[in-house]
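The values are calculated or read from the model by the stated rules, or taken from the named source; none is laboratory data. Keep in mind the model is a prediction, meaning the values are calculated, not measured. Cβ sites come from the backbone with ideal geometry, for glycine too, and all protein chains shown count toward neighbours.
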């Protein structure tokens, strides 16, 4: 499902116009991004938890280079993580 399809479903289920559903989704995304940038978690009971984590710097093989001994340095990176609630897909 892409964003446009999600907006359509939200509008239908909540009895909103597509414009209002898009505004609500954009507001949710914006608030989530701002919260994660501050280093805080976003917890939605029954759905899951969004959090920020850091991938440590490491060495990896470049798949474009056939020589498997050639390694490249991958820098540390901040990434978003999602942990689904236990009963999400039951």
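Just a few scattered comments:
Conditions (1) assigned by TED's automatic domain parsing to the domain that holds residue 81; (2) more than 27 Å from residue 86 (Cβ to Cβ), marked per residue:
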residue	(1), (2)
17	no, yes
21	no, yes
36	no, no
47	yes, no
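- Applying the criterion of at least 3 residues that are touching a residue at least 12 places away in the same chain (Cβ under 8 Å) to the strands (runs of 3 or more DSSP E) found wholly in the chain leaves 48-55, 58-61, 71-74, 77-84.
- Subset of the stretch 18-48 that is over 15 Å from the mean Cα position of the chain (by Cα) and surrounded by 14 or more Cβ atoms within 10 Å (Cβ to Cβ) - its residue that is nearest to residue 4 (Cα to Cα): 22
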